[in-house]
1. Surrounded by fewer than 18 Cβ atoms within 10 Å (Cβ to Cβ) and over 17 Å from Phe295 (Cα atoms): does that describe Tyr239?
2. So, in the stretch 117-156, exactly how many residues are touching a strand residue (DSSP E or B) at 6+ places or on another chain (Cβ under 9 Å) and basic (Lys, Arg)?
3. Just wondering, is there one or more residues in the stretch 171-192 that are of a type in the set (Lys, Arg), in a loop (DSSP other than H, G, I, E, B) and closer than 27 Å to Ala113 by Cα?
4. Just checking, which of Gly243, Gly225, Gly237 is at positive phi and touching a strand residue (DSSP E or B) at 6+ places or on another chain (Cβ under 6 Å)?
5. Would you please list the contacts, defined by Cβ atoms under 9 Å and residues six or more apart or on different chains, that run from a residue in the stretch 272-300 that is touching a residue at least 40 places away in the same chain (Cβ under 8 Å) and of a type in the set (Asp, Glu) to a residue that is surrounded by fewer than 17 Cβ atoms within 10 Å (Cβ to Cβ) and assigned to a loop (DSSP other than H, G, I, E, B)?
6. Consider Ile198 carefully, then state whether it is crowded, with 21+ Cβ neighbours inside 10 Å, modelled with pLDDT of 95 or more and among the β-branched types (Val, Ile, Thr).
7. Being modelled with pLDDT of 95 or more, of a type in the set (Val, Ile, Thr) and within 27 Å of Asp29 (Cα to Cα) narrows it down to one residue among Thr218, Thr245, Thr224, Thr229; which is it?
Amino acid sequence: MRYFILLFVFLALQSKGQDKIFLFSYFTDNGQDGLHLAYSKDGLNWEALNGGKSLVAPAVGNDKLMRDPFILQGKDGVFHMVWTSSWKDRQIGYASSKDLINWSEQKAIPVMAHETTAKNCWAPEIVYDPKNKNYIIFWATTIPGRHSEVSTTESEKGYNHRMYCTTTADFQNYSPTKLFFNPSFSVIDATILPKGKIFYMFLKNENSNPPEKNIRMTQSKKATGPYPTEVSAPITGKYWAEGPTALEVGEYVYVYFDKYRDHKYGAVRSKNMKDWEDISDKVNFPKNARHGTAFKVSNELFTNLIQLK
């Protein structure tokens with residue numbers, strides 16, 4: 001029955017001339033069961049694909065996790081996925097697919113192997129750099145004593161994150177890791193939206209004492225930056241938010257985020273990238289969805305995805 005419902009939705013979208021479908025990659029619980037996908041036709045209401053079951057099980061990392069799955073379709077049409085493979089790894093997970101169903105062998109990219117005291121590699125993401133014709137992979141890492149200290153609670157003592165990056169043209173060869181974004185606060189969960197000639201970075205201020213735990217933004221004319229470290233005021237509300245992902249839907253830019261203390265998803269949207277409207281009460285995501293990525297795919301690709309059971 002679910003298949004016929006999804007097929008009806010697909011045919012309805014085709015009849016309306018919509019040539020792109022919105023997808024959302026996410027994990028559930030602690031990330032042990034792997035990649036989940038959901039779809040939407042309006043950017044507000046999201047329904048799980050594959051009957052809510054995982055499409056890919058994690059195979060790399062000390063903890064064998066697939067948290068924070070980020071997916072980007074490359075210029076060659078291939079989908080590239082990176083993820084957090086463990087709480088304390090100095091590597092990230094990587095796999096690729098042409099159809100989001102059949103995936104390559106998973107690999108561990110040892111992005112922080114050279115930093116022997118690095119505590120983690122969290123929430124990697126990718127942005128295409130049109131100037132250098134390559135991809136920038138960036139993530140959050142704590143290296144004790146490396147950056148200006150921030151006041152933390154006892155539970156977060158020792159964590160003081162900054163964003164690091166590597167570049168690649170083929171996802172086989174990678175440049176030496178370097179510092180990417182170094183604000184005065186602990187930062188995690190950065191994501192970048194190319195829009196027009198600007199690259200907008202959304203990020204989480206992770207400071208815990210006093211707690212910030214909100215989403216802010218900065219921007220650059222280049223994918224490589226520099227991104228000003230004097231970031232915006234919070235674009236999210238008084239709740240705690242993390243894992244932002246940005247998507248253009250009609251005249252709006254939507255920024256979705258994990259309201260992790262409330263165990264649900266939220267969102268804000270803007271027409272001008274300055275004034276943000278909180279629409280958390282208007283979005284619906286699959287139960288237990290955590291830190292995901294919103295992106296667009298063709299109707300042709302979606303035709304195969306809706307047949308998964």
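1. Working: surrounded by fewer than 18 Cβ atoms within 10 Å (Cβ to Cβ): yes; over 17 Å from Phe295 (Cα atoms): yes.
The answer is yes for Tyr239.
2. 2
3. No, every residue in the stretch 171-192 fails to be of a type in the set (Lys, Arg), in a loop (DSSP other than H, G, I, E, B) and closer than 27 Å to Ala113 by Cα.
4. Being at positive phi and touching a strand residue (DSSP E or B) at 6+ places or on another chain (Cβ under 6 Å) holds for just one of Gly243, Gly225, Gly237, which is Gly243.
5. So the pair list comes out as Asp278/Gly237.
6. No; evaluated as a whole, the condition is false for this residue.
7. Thr245
One line per residue, one yes/no per condition, for (1) in a loop (DSSP other than H, G, I, E, B); (2) of a type outside the set (A, V, I, L, M); (3) at pLDDT 95 or above:
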{"site": "Val111", "(1), (2), (3)": "yes, no, yes"}
{"site": "His114", "(1), (2), (3)": "yes, yes, yes"}
{"site": "Glu125", "(1), (2), (3)": "no, yes, yes"}
{"site": "Ile137", "(1), (2), (3)": "no, no, yes"}
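The values are calculated or read from the model by the stated rules, or taken from the named source; none is laboratory data. Remember, predicted model here, so these are calculated numbers, not experimental data. FYI the Cβ positions are ideal-geometry reconstructions off the backbone, even for glycines, and counts take in every protein chain you see.
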